[in-house]
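The values are calculated or read from the model by the stated rules, or taken from the named source; none is laboratory data. No experiment lies behind these values; they were computed from the predicted model shown. Every residue, glycine as well, gets a Cβ built from its backbone with ideal geometry; the counts of neighbours run over all protein chains shown. Side chains are part of the model used for accessible areas, which takes the heavy atoms of the whole protein and leaves out ligands, DNA and RNA. Shrake-Rupley method; radii C 1.70, N 1.55, O 1.52, S 1.80 Å.
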Amino acid sequence: NITDVDDSILPKARELGIDFLELAAAETTRFHGDMVALNTRPVFNEPHATQWVAEMVEMVKTLDDKGHAYNVDGTVFFDVSTCDSFGAVSGYDEATMIEYAAERGGHPDDPRQRNPLDFILWQPSLDDEPRWPSPWGDGRPGWHIECTAMSMTYLGATLDIHGGGQDLIFPHHENEIAQSEASTGQTPFSRYWVHNGLLQLGADKMSKSLGNLVSVEEALEKYSPDAIRLYFRRSHYRSTLSYSDEGCDAMERSADRLRHVLREDATSEGEAMDPAPFRDQFMSGMDDDLNTPKASAAMFD
């Protein structure tokens, strides 16, 4: 989904002096360009948060009616004390969850909250922010409810697979689970969780705040899409990966090896080998939680 309204976009648009939708559209176009450049297939559906606010309001109303939410001066919070399994996916203790909530968009010190881990479902908009009507006054949705409403609209109350970075395990995915299961009464919200490791540059995680990003555009100035894709597949998706020019150089040579054997005029020495065992090894790797290092090894063998 395209999160085109949230607590990150609005202040950035204000800083740049442009409409928030203009900023969101520009970044979405840039993302689409990157995905085309990397030779990826288009997704089946791509909902925008601003197009599904009515569904979000209905979901918040359901949570309010069922006693899972409370309203303080137009801000509606989810009450995590009503969710017995809260924290089950992350496995973090309360102190760790509070620490991560403070770092990742939560407000555990907000005196309006009944519990430090409660989170916003709906909030009043500032004067220069977009607003939509709701039973609690004009305002805008919280970040977590956006993803639940959009995914459940298209995929139903239970998802087969839910993905995201490891930094989204808490609070985002934990909050998604709580509000989704509380609103529908059905469990689980997702049968499988696939959390990818984070990308590092040297010893540090790549992040906007650290200013150590290597953009897709910059990487493609040096390397082919094949090399970049092979680079990411050399490690398991759940693992942390360090980006380096040396690593990409090696993958460019590996991509050349694959291109060479696929040429129509390519010749090989010795007898032809039965591909079946290698295909089995490849499929076994992919069936093992998408073990791309194992699958790639079979491909090069």
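How about segment 281-301: which of its residues are more than 13 Å from S235 (Cα to Cα) and in contact (Cβ under 8 Å) with a residue 24 or more places away in the chain? Before the answer, list the steps.
Within segment 281-301, the first condition is being more than 13 Å from S235 (Cα to Cα), and the residues that meet it are 281-284, 287-288, 298-301.
Matches in segment 281-301: M299, F300.
Of all residues in segment 76-87, those satisfying the criterion of being open to solvent by 20 Å² or more (accessible area, probe 1.4 Å) and at pLDDT 95 or above are S81, T82, C83, F86. Residues that are of a type in the set (F, W, Y) and over 20 Å from the mean Cα position of the chain (by Cα) within segment 14-44 comprise just one, F20.
Checked against the criterion of being modelled with pLDDT under 95, of a type in the set (F, W, Y) and in contact with a strand residue (DSSP E or B) (Cβ under 8 Å, 6 or more places away or on another chain), the candidates Y243, Y237 yield just one match: Y243. Search segment 1-20 for residues being of a type outside the set (S, T, N, Q) and in contact (Cβ under 8 Å) with a residue 60 or more places away in the chain, and hand back the single one that is surrounded by the fewest Cβ atoms within 10 Å (Cβ to Cβ). This residue is D7. Where helices (runs of 4 or more DSSP H) fall wholly inside segment 2-111, the ranges with 1 or more residues that are more than 21 Å from Q166 (Cβ to Cβ) are 9-16, 20-37, 53-65. Candidates in segment 154-178 are the residues that are polar (S, T, N, Q) and open to solvent by 20 Å² or more (accessible area, probe 1.4 Å); of these, the one that is nearest to the chain's Cα centre (by Cα) is Q166.
Would you check if D226 is free of Cβ contacts under 8 Å to residues at least 40 places away in the same chain and over 21 Å from the mean Cα position of the chain (by Cα)?
It is false that D226 is free of Cβ contacts under 8 Å to residues at least 40 places away in the same chain and over 21 Å from the mean Cα position of the chain (by Cα).
Checked against (1) surrounded by fewer than 13 Cβ atoms within 10 Å (Cβ to Cβ); (2) in a loop (DSSP other than H, G, I, E, B); (3) hydrophobic (A, V, I, L, M, F, W, C), W136 passes all but a single condition, namely (1). For L290, state whether it is surrounded by 12 or more Cβ atoms within 10 Å (Cβ to Cβ) and at pLDDT below 95. It is false that L290 is surrounded by 12 or more Cβ atoms within 10 Å (Cβ to Cβ) and at pLDDT below 95.
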